[in-house]
1. At most 10 other Cβ atoms within 10 Å plus a DSSP loop assignment makes a site exposed; report the longest stretch of chain B without any exposed trypsin sites (Lys or Arg not before Pro).
2. Can you give the mean number of other chain Cβ atoms that lie within 10 Å of the Cβ atoms in peptide B:45-51?
3. Take C:112, B:42, B:233 and order them by how many other Cβ atoms sit within 10 Å, fewest up front.
4. Mind listing which chymotrypsin sites (Phe, Trp or Tyr not before Pro) in segment C:162-232 are in a DSSP loop and have 16 or fewer other Cβ atoms within 10 Å?
5. At a 10 Å Cβ-Cβ cut-off, how would you order C:255, B:215, fewest neighbours first?
6. For the residues C:81, A:60, what sequence is obtained by ranking on other C-beta atoms within 10 Å, fewest first?
7. Given the C-alpha centroids of segment B:62-126 and segment B:220-278, what is the distance between them in whole angstrom?
8. Scanning chain C for trypsin sites (Lys or Arg not before Pro) in DSSP loops with at most 15 other Cβ atoms within 10 Å, what's the longest stretch left with none?
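Each reported figure results from applying straightforward, stated rules to the coordinates on display, with no laboratory input. Since the structure is predicted, the reported quantities are computational estimates derived from the model, not experimental observations. FYI the Cβ positions are ideal-geometry reconstructions off the backbone, even for glycines, and counts take in every protein chain you see.
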Amino acid sequence: MAGDLSEELLRVVNLTITYSPPASAPVRALRDASLKINESEVIGILGESGCGKSTLASAILRLLPSYAHNDTGSIVFRGSDLLTMTEADLRKVRGRAISLISQDPALCLNPVMKVGDQIAEVLRAHLAIGKGERRRRVEELLQAVGFEQPRQIYSAYPHQLSGGQRQRVVIAQAIACDPALVIADEPTSKLDAALQAEILSLLSEIRKRRGTAFLVITHDPTIFPGFADRIAVMYAGGIVEAGTTEDIFRKPLHPYTQALVRLSERYLTNSGETKMRFPMIDGEPSDSTRVNPGCRFEPRCVDRMHVCIDSDPQEVTHNPSHRVSCFKYGK
Amino acid sequence: MGSDARVAKSAQPFLRVRSLTKRYVRGGVLQKRIHVDAVRGIDLEIPACKTLALVGSSGSGKSTVARCVTRLERPDAGEIWVGGTDIAGLANRALLTFRAAIQMICQDAVTSMNPRFSAAETVEEPLLIQRRGAAKQCRQSALEIMSEVGVSADWANRSVMEFSGGQRQRLAIARALVLQPKLLVLDEALSGLDLSTEAEIINLLLDVQAAHSLTYLFISHDLPLMARLADTIAVMCNGTIVEQGPKSQLLSNPSHPETKSLLLPAKIFQKKYAEMLGVSG
Amino acid sequence: MKYLLRRLLRAALLLIGVSALCFLFTEMAPGSFFDEMRLNPQISPETVTALRARYGLDQPLIVRYSRWMASVVRGDFGYSIAYNSPVAPLLWTRAKNTLLLTGTATFLVWLIAVPLAAWTAASHGRWLDKAAAVVSSVLISVPEIVIAIALLALAVRTRLVPVGGMRSLGFQEFSTWGQIQDIAQRMVLPTAVLVLSSIAVVERHVRASVLEVLQMPYIQAARGLGISRTRLLFRYALPVAANPAISLFGFSLATLLSGSLLVEVVTGWPGLGPLILDATLSRDLLLVIGGVLLSALFMVAGNFIADVLLLAFDPRIRTGESHAN
């Protein structure tokens, strides 16, 4: 954990993205987001609906809808800016160097193609290997993600598999070409609690065996301990705090992070006799069409001050591994 | 009815299910009929104003139990005692009074709402269907309940599609409360919500339960979460209840492997959390 | 398999039902072939009665129907009173002509419509899509008869193609190539009418289906894994978009014999249409029923073929009865 001198893999610099859908007010989905991922690192992005985390995930591989524009910023991957790459070069990155696992595995698989063939398609798109070799690799992959009968699963269709099995197939697709980075958007949200643990341990194992870096996006902080190295907390399109997992859980700085960490402790308390109320965050999620300055979290913040209403907080480095954007800590 | 009977009645559980069984049949005229037991011999009891959590993984049959208790489906065998009546075998006409007394809230409320309705129309609909008064009265009652659950009055005429996930769940609760039910069946009503929204809805449900003296039947796959809300917990696996009892007992001393596996995520988190922060946590 | 057998059984029952209904309806129509004869003072009533007896028209309904069903199964469709010849060969020659026409038209329609639909769906919102939308709106709004008459007028004025009938005079003397040319030329007009009147509907349906599929999350997911655009369209989108298109195709097949009546009558193509029309007007019972039954056969076969195709193309239907869960 400490002092790993690994190479930088991906760097997002001051990324700002605005959605301008026809017949609607424009929405600033991402504001000045900056992030760094090193080789074999697991970075978690923690945030709730509408905070821009899925936008960030899709933006890295430029999979946003046509009405999304990046106003400023760059995404540097192994030296090249992904935002200015040609479509042809980008296609070589997708699925090969960087993979994306989307939210609902039931919806992300081709319903009329055998799952084995779908994994083979990814191999076919990037590697020049023959059909027999492809088949062999797919069966290897299926075994690697935990299937005991890879042959049977190869010929199955998505609707014949359970939710957990589908998620494993999607993971197999993502790691087929041994990418350096896998972006997992809410990998466990649609699963039962028991399956969540299995999938997380599978991802951990993949990281250990193949040295793959992960960018895990979720609203549930309880999956991070023991898995993520660093966490960035997002609210209303911006990163409000970033640090090691230990920093975030042991000493959360931003009021929003503090509230989330308190909520995640729902698994820690043992049963009392009375039913316990949950610690809440007042107010509604923020309105992303708002364009005037001022801290986005201010309406719901328990520690809000006058300065929070008029100006945006700048990022403060609390200690080398821990940054936060909050007036409580200066500037 | 003398005072003896009244005392006996208050000691009676509000909902009592005995030997509930539901089968599904596949196949028809030209195919061999295969019987699948979704749910077999279910026994459970909920005292008035208490909460029972029915937990299990996907496919364990817990949603089937929910649908049978609310009589959206007719059980093949068994009894469902609500107050003093067995509703398991009642015909649709006789069920009308019970439909108001037992309401259900599902996961992802939006799929159970007409996208063309406004918030107020959604909430007043049950009153209009059951003919509980003139249109104006129904609208008034709906608005009252909506403000109780925290939906602001200026949003009353907005389409339900404009609401966020948590707000829609509030509307679903309002709609369920408007008929003044006695039992609320919550089928994965907290799944898929953000943590903070989940917390809000849980707090709302606790408040509402106290204010309206409601009995809750909670269906979920998240046992550790249910432990904070329920009085008793029943664990289902493959169509039967494998362990049942007061929550403190189940949490401190689980006996069935299924219970243990449902408690696993919490245990793993506790362990990892402790590891991460050093033993002192 | 059982699925197909059930469909087959249903198809057979349908055919029996259709034939019975046909028989019944034609009976209920006022007047018979011989009414005109009776009005003719030169023919004696006894001759009429004798003729009626000879053609079996004085037997009760059930008897006539069962006798006819028995012979149909043997391949004998009965005897046409008007043409004084067996029904089956009459029907068959005409049906062949119709099939040539509609077969070519259907082939052309689908050949043009499917790629066009895929292309316009992929270039959604741009000028090609908009232009195609305007053209298809016009074609849908204009009734088939107007298209037929308009093209007919055009052909007569410009003399680009010969009009009327299937073969020119002196057809027998042409070489084989000459014969083919002749028929082909005369086919241009009716085929054009058929294609123009049905292509817009097919194109719109397929386009809507492809458009819907392109929005689905799994297409985006595959794109995110680096699958190329063409592969996405053909291996990921079209097979799923094919479902509604296959049903529509089945419908096209079903109307192969019955959909061209109007065009044939207007352009003078000697097909099944004009034959049935005449037969109906002259109460030539067995000819009418034979024709309708043949059309019904095609209709049922077309739908059945659509079912088979759906089964072949959509694994969800194939394996729907055996879930792993």
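1. B:132-281
2. Mean number of neighbouring Cβ atoms from other chains: 0.
3. Ranked by crowding around the Cβ, least crowded first: C:112, B:42, B:233.
4. For chymotrypsin sites (Phe, Trp or Tyr not before Pro) across segment C:162-232 that sit outside H, G, I, E and B with at most 16 neighbouring Cβ atoms in 10 Å, the list reads C:174.
5. C:255, B:215
6. Ascending number of Cβ neighbours within 10 Å: C:81, A:60.
7. Centre-to-centre (Cα) distance: 28 Å.
8. C:168-325
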